[in-house]
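S.K.: Quick one: the structure is below, questions incoming.
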Amino acid sequence: MELFRSPSGTRDWLPPDSERMAYLISAFAAQVELANYRLVLSPMFEDSGVFVRGVGDESEVVTKEMYDFTDKGGRSLALRPEGTASVVRAFLQHNPPVPFKAWYVGPSFRYERPQAGRYRQHHQVGIEALGPKDPYLDFEVISMLMNWFFSLGLRDLVLKLNSLGDDNCRPPYVRELSSYLEKNQNLLCVEHQQRWQVNPLRVLDCKKEECIAVKENAPKIKNSLCPECSMHFETLLSCLDEHKIDYVLDDYLVRGLDYYTRTTFEVACASLESSQNAIGGGGRYDNLAKALGGNDTPGIGFASGLERVLLACETQGILLPAVPSPKVFLADITGGGKAAHMIHVLRTLGIACDRAFDNRSLKSQLRQADKSGAILAIVVGEKEKEANCVQLKWLFPGDKDRFIQLLTVAADSSRDAGTNGRIFSPESDEPEKRDIIERYRLSDVLPEDLAYSAIKEFFRNA
RNA sequence: GUGGUCGUAGCUCAGCUGGUUAGAGCGCUAGGUUGUGGCCCUAGAGGUCGCGGGUUCGAAUCCCGUCGGUCACCCCA
């Protein structure tokens, strides 16, 4: 029978990459929790209307990329294509006090052709801040994103900024743009000749040569901003200047989600070769709460795709930490029961350890110990079982000097304890190949037992 | 949704213009040491050559289709 595979556009995360993803998330949480953003977990699916009315019924994300379905109760639902609309829906449903500052993490779903850095299920972290319309909140949000990237060690980042105006100044601007596009519509690319009226702003985002030529002479939103919007944007820019956060202004940054007002931004990573080089983006959405049927509440936030951030780290040679393997490994050739008991005690003492199963040969178990990265093997054979002791075998090589130093500590503590200590030290011309094997008494009442004491001592000094 | 490209072992890949039982390295398992890892040596397991059809005496190899990966467009994280 043919094996099942993960669906197109999805992938499995196995160690160590899975752990690097987890690291990204915890680094993000640490960053935003400094600023009092708190975790919100919302459902992975919502009433389709949340996205149709929130993200926009003209946006590509909704019209052609949404995983929507009807459930057994006849409800029209959709897997969330992004996080913001869900969080704002949750905000309106529970009506918490403002300012409401949330961070989130979880999968998003878009039905599109997979590509480098683009998946049908991808994972985003993000923050949303609802309530204040203050431009200094815009600064806070943007600086959170940048600080997280900097804390990971990422370089070659380009922060792109634009302001899309508000209800006062955007409609007149869109009319002005429309009439300009109408005059030049035969010069637009094939697709936009048909579609420019649906959302004129999207033409500004088009990368076709024809449209690029047209938009160069198109009216710019920055020249049409009302005084309030203009002041808001200027305040943000000067604050970014003051704090040495570099940015470039991009008149064409309109972004594909319809809810944005005023500030929009995107962070591109220059070291990502593919065209999917945006590793974070967001903006202000002062009309979103109202569009979802709630009270008029301003808000701003961003989302960042973890897959792309990880990719960006890799292209820059940044190796994020994975979970280290246990340093203690148990080899039991008397059936395995002794190992079961010892490993249980060690873990109770908070010492990470692993063991072999299936009663394999000692050679096999030690091979496994070596491959696991352990530096200490605990060996139980018939002789040890009879004498009620265990053998501690230190696994070389590695950082030899360091280990030898630690061994000295462990050996000293064993002598103090009056045990028989080291019993076996094979002759060898090469000191680094000399095995150091020690035996420690093992009682049936274990936590204060000498073998465990020696191991604890070792890790206290490690 | 459109287009390019690639599918041979767990991984990285050989396999020339069709020609017997499909190979290597790494990895995995075991043995060489009747109870001691790493290096070395030996052996073993693992593949309906993505799948289906066609051409042919004969297909991993050529043709068509299909599925999957990948890359680009579109759009986005």
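S.K.: Please identify which residues in the stretch A:157-176 have an amide N closer than 20 Å to a label point set 7 Å out from the Cα of A:S230, following the Cα→Cβ vector.
M.R.: A:161-176
S.K.: Additional query: Run the helix sum for chain A: -39,500 (n - 2.57) per DSSP H stretch of 4+ residues, divided by residue count, reported at 222 nm to the nearest 500 deg cm²/dmol.
M.R.: Dividing the helical sum by the residues of chain A leaves -11500 deg cm²/dmol.
S.K.: Over 29 Å between C-alpha atoms is what I'm after, so list which of A:K101/A:K208; A:K244/A:K290; A:K385/A:K456; A:K183/A:K208 land there.
M.R.: A:K101/A:K208; A:K244/A:K290
S.K.: Positive end of the charge dipole of chain A (Lys, Arg +1 and Asp, Glu -1 on Cβ, about the Cα centre): tell me which of A:G117, A:N388, A:A78 has its Cα farthest that way.
M.R.: About the Cα centre, the residue reaching furthest to the positive side is A:N388.
S.K.: So what's the angle, to the nearest 10 degrees on a 0 to 90 scale, between helix A:135-152 and the longest Cα principal axis of chain A?
M.R.: The answer is roughly 40 degrees.
S.K.: Treat every Asp and Glu Cβ in the stretch A:209-366 as -1 and every Lys and Arg Cβ as +1, leave all other atoms uncharged, and give the resulting dipole magnitude about the Cα centre to the nearest 20 debye.
M.R.: That gives a dipole near 1140 debye.
S.K.: Starting from the Cα-Cα distance between A:S178 and A:T334, subtract it from 0.36 nm times their residue separation and give me the gain in nm to one decimal. Could you put the intermediate results ahead of the total?
M.R.: Numbers: separation 156, 0.36 × 156 = 56.16 nm, distance 8.27 nm.
That works out to 47.9 nm of additional length.
S.K.: How do the peptides A:363-374, A:98-109, A:137-148 rank, highest first, by the average count of neighbouring beta carbon atoms within 10 Å per residue? Please list the in-between numbers first.
M.R.: Values: A:363-374: 16.9, A:98-109: 19.9, A:137-148: 22.3.
Ranking the peptides A:363-374, A:98-109, A:137-148 by packing returns A:137-148, A:98-109, A:363-374.
S.K.: How do A:154-164, A:64-74 rank on mean C-beta neighbours within 10 Å, highest first?
M.R.: A:154-164, A:64-74
S.K.: Between A:I25 and A:D57, what is 0.36 nm times their sequence separation minus the Cα-Cα distance? Round to one decimal in nm.
M.R.: Working it through step by step, the gained length comes to 8.4 nm.
S.K.: Okay, next question. Considering only A:L187, A:S6, A:Y67, whose Cα is most displaced toward the positive end of the charge dipole of chain A, charges sitting on Cβ of Lys, Arg (+1) and Asp, Glu (-1)?
M.R.: Result: A:S6, furthest along the dipole toward the positive end.
S.K.: Mind checking which of A:T315, A:A27, A:P43 is farthest towards the positive end of chain A's charge dipole, using Cβ charges of +1 (Lys, Arg) and -1 (Asp, Glu) about the Cα centre?
M.R.: Of A:T315, A:A27, A:P43, it is A:P43.
S.K.: Provide the FRET efficiency to the nearest 0.05 for the A:V345-A:D370 pair, computing r from the beta carbons and using R0 = 35 Å.
M.R.: Working from the Cβ atoms, E equals 0.90.
S.K.: Roughly how big is the stretch A:25-172's charge dipole about its Cα centre, with Cβ charges of +1 (Lys, Arg) and -1 (Asp, Glu), in debye to the nearest 20?
M.R.: Dipole magnitude for the stretch A:25-172 comes out near 340 debye.
S.K.: If you don't mind, another one. So if we plug the beta-carbon distance of A:N223 and A:N295 into 1/(1 + (r/R0)^6) with R0 = 30 Å, what FRET efficiency do we get, rounded to 0.05?
M.R.: The value I calculate is 0.40.
S.K.: Next question, about the same structure. Expressed in nm to one decimal, what extension gain is obtained for the pair A:Y136 and A:D68 from 0.36 nm per residue of sequence separation less their Cα-Cα distance?
M.R.: 20.8 nm
S.K.: Using the Cα centre of chain A as the reference point, and only Cβ charges (+1 on K/R, -1 on D/E), how large is the resulting charge dipole? Debye, rounded to the nearest 20.
M.R.: The dipole of chain A has a size of about 780 debye.
S.K.: Also: Report relative contact order for chain A in percent, whole number only (criteria: Cα-Cα under 8 Å, sequence separation at least 6).
M.R.: After rounding, I find 14 percent.
S.K.: Ok, one more. Suppose each label sits 7 Å from its Cα in the direction of the beta carbon; what would the A:E273-A:E242 distance come out to in nanometres?
M.R.: My value for the distance between the label points is 4.3 nm.
Where a number appears in this text, it was derived from the coordinates with a stated rule and is not lab data. Everything numeric here is computed off the predicted structure, so don't read it as measured data. As a convention, Cβ positions derive from the backbone with ideal geometry for all residues, glycine included, and neighbour counts pool all protein chains shown.
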